[in-house]
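Read the structure below first, then the notes.
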Amino acid sequence: MRRTDRLYTLIQTLRDGRIHKAVDLAKRVGVSERTIWRDMETLMSSGVPVRGERGLGYKMTNPVTLPPLNLSLAELEALHLGLAAVAAGGDEELRTAAQTLSNKIDAVLPEDRATAPKNWGFAVYPFADAAQGFRHMPRIRAAIRARQKLAIDYDDPAGDFGRRVIRPLKLDYWGRVWTVTCWCETGADFAVLRIDRIETLDVMPALFVEEQGKTLMDLRAREVRPSNFSGQS
């Protein structure tokens with residue numbers, strides 16, 4: 001498992017708000033406890049609201065979602081894309097300027113930890129991964145507004161590549177990686193898919209209406225009680 005996939009899996013695991021011991025997390029992703037310690041330090045330094053200590057366990061204090069801001073999503077994407085591109089460049093002066101600009105943005109964001117994570121412009125995932133998904137964002141946003149089904153070719157981190165038909169429900173921002181929460185008609189269940197893992201995306205002519213058991217409200221109700229749904233895709 002690539003490190004970026006492992007970190008994403010750890011984030012999804014911690015989303016339930018429970019305390020997870022390092023030994024259990026290590027078994028889940030197939031690494032040593034020492035590696036988990038390093039991964040947790042990486043997530044914390046990237047702004048993911050994880051708390052914990054070695055020997056006790058780790059938990060996520062709040063879900064990392066993007067709330068309404070004065071910036072539109074398109075403006076936030078453009079700003080993030082620019083910062084990430086400059087930070088990935090070879091000009092030291094510009095890299096420093098991008099970092100200070102990111103700090104200034106952090107300083108004026110609300111203190112509520114449900115906002116985009118601190119240092120969101122310089123999180124753990126490679127810039128190339130984020131850029132891979134940006135091309136799909138406009139059509140996914142439009143499909144959420146129009147309640148339009150999407151047909152996608154998805155490269156699952158577990159290696160399961162295939163065609164899926166989904167009902168996109170919402171977008172979430174995880175620090176350089178965006179996910180789409182959806183009802184997957186192919187799998188007949190909810191799924192949280194990384195947008196950078198979508199190889200191709202086609203907008204289908206079919207619209208969908210809200211059906212019992214397939215809405216965001218249904219998903220939230222399921223997440224507050226024990227369930228087999230892990231949210232990992």
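The values are calculated or read from the model by the stated rules, or taken from the named source; none is laboratory data. The structure presented is a predicted model; accordingly, all values stated were derived computationally and were not measured. Neighbour counts are summed over all protein chains in view; Cβ atoms, including those assigned to glycine, are modelled from backbone coordinates with ideal geometry.
For region 57-77, state whether one or more residues are at pLDDT 75 or above, touching a strand residue (DSSP E or B) at 6+ places or on another chain (Cβ under 9 Å), among the aliphatic types (A, V, I, L, M) and closer than 23 Å to TYR8 by Cβ.
yes
Considering only region 213-223, I want to know if a residue exists there that is part of a loop (DSSP other than H, G, I, E, B), at pLDDT 90 or above, surrounded by fewer than 17 Cβ atoms within 10 Å (Cβ to Cβ) and over 20 Å from the mean Cα position of the chain (by Cα).
There is at least one residue in region 213-223 that is part of a loop (DSSP other than H, G, I, E, B), at pLDDT 90 or above, surrounded by fewer than 17 Cβ atoms within 10 Å (Cβ to Cβ) and over 20 Å from the mean Cα position of the chain (by Cα).
Suppose we filter ASP155, ASP218, ASP172, ASP196 for residues that are closer than 27 Å to ARG18 by Cα and out of contact with any Leu (no Cβ under 7 Å at 6 or more places or on another chain); which single one remains?
None of the others qualify; the one that does is ASP218.
Are any residues in region 156-188 surrounded by fewer than 16 Cβ atoms within 10 Å (Cβ to Cβ) and farther than 22 Å from LYS214 by Cα, and if so, which ones?
Residues satisfying the conditions are ALA158, GLY159, ASP160, PHE161.
Please specify each residue of region 11-49 satisfying the condition of being among the aliphatic types (A, V, I, L, M), crowded, with 20+ Cβ neighbours inside 10 Å and not in a helix (DSSP H, G or I).
VAL48
Quick one: count up the residues across region 180-212 that are basic (Lys, Arg) and part of a strand (DSSP E or B).
The qualifying residues number 1.
Would you mind stating whether GLY162 is more than 15 Å from the chain's Cα centre (by Cα) and either modelled with pLDDT under 90 or not in a helix (DSSP H, G or I) (or both)?
yes
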